[in-house]
Amino acid sequence: MARKAKAKTDKSKPIISLEQKLPEVPGRDPYSPPTQHLVKDNKGGYLVEKFRRPSKTLLVDQIREEVDQWRNRDYQMPAGISPTSKRLLEWWFDESHRFENGEAFQYYFAQREAVETVIWIYDVRGARNKFDLIPFDRLGRVSANMFTEDWLRLVIKMATGSGKTKVMSLLLAWSYFHKLYEENSELSKNFL
């Protein structure tokens, strides 16, 4: 009880003031995989590290590594992707798209990686329940009792403004067509 009362009276200070403009990573291209990131220099500024920031989220780094390899092999390795999934990935990410005015359109890399990851986990690795996700934990920090649901739940963590709604729409389309064209698909054609 005392903890709640204290929390209500404490004035929290923001980590980064809203007026502060964060520096841009030089040469950062939102359409390409990240190759560098910013770190605080303990002097009020930032330094550029020349590698992708490792994730603090469980399972992410190993899955990223395997999805990167799969993408670099044109979704061929390892075997297991459905023809429907492969065709949609090729259509969305390998073919040219244009707006009505002729301007080129391309998905951000974060959007591509999120869609690829869900498809890879489901189609290639065959994850259908919480137990199928545990092998992705190289460090042994994940156990079955950490998951309360009995159904597969795949979570995508994306920054504000990175296109989460677009990712959801692509995954809904993927689920619909997968269910429509793939025999024994456990995905859905109905969404709420």
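Taking segment 1-110 and the helices (runs of 4 or more DSSP H) fully enclosed by it, the elements with 3 or more residues that are modelled with pLDDT under 90 and within 15 Å of the chain's Cα centre (by Cα) are at 60-72. Quick one: would you say Arg141 is basic (Lys, Arg), over 15 Å from the mean Cα position of the chain (by Cα), more than 22 Å from Leu88 (Cβ to Cβ) and open to solvent by 40 Å² or more (accessible area, probe 1.4 Å)? Yes; evaluated as a whole, the condition is true for this residue. Annotation note: of Glu95, Glu116, the sole residue that is open to solvent by 20 Å² or more (accessible area, probe 1.4 Å) and not β-branched (Val, Ile, Thr) is Glu95. Could you list, in sequence order, all residues of segment 155-179 that are without any contact (Cβ under 8 Å) to a residue 40 or more places away in the chain and aliphatic (A, V, I, L, M)? Listed by number, the residues that qualify are Val155, Met168, Leu172. Just one residue in the set Ala127, Ala114, Ala144 is under 14 Å from Leu170 (Cα atoms) and among the small types (Gly, Ala, Ser); that residue is Ala114.
Of everything in segment 144-183 that is in contact with a Lys or Arg (Cβ under 8 Å, 6 or more places away or on another chain) and surrounded by 13 or more Cβ atoms within 10 Å (Cβ to Cβ), the residue that is farthest from Ser55 (Cα to Cα) is Lys179. Within segment 159-189, being at pLDDT below 85 and closer than 18 Å to Val118 by Cα holds for one residue alone: Ala159. Close Cβ contacts (under 8 Å, 6 or more residues apart or on different chains) running from residues in segment 91-118 that are in contact (Cβ under 8 Å) with a residue 40 or more places away in the chain and farther than 14 Å from Ile156 by Cα to residues that are open to solvent by 60 Å² or more (accessible area, probe 1.4 Å) and among the basic types (Lys, Arg) comprise Tyr107/Lys166.
The values are calculated or read from the model by the stated rules, or taken from the named source; none is laboratory data. Remember, it's a predicted structure, so these values are computed and weren't measured experimentally. With ideal geometry, Cβ positions are generated from the backbone for all residues, glycine too; neighbour counts draw on all protein chains shown. Remember, those area values only see protein heavy atoms, side chains included, never the ligands or the DNA or RNA. Shrake-Rupley method; radii C 1.70, N 1.55, O 1.52, S 1.80 Å.
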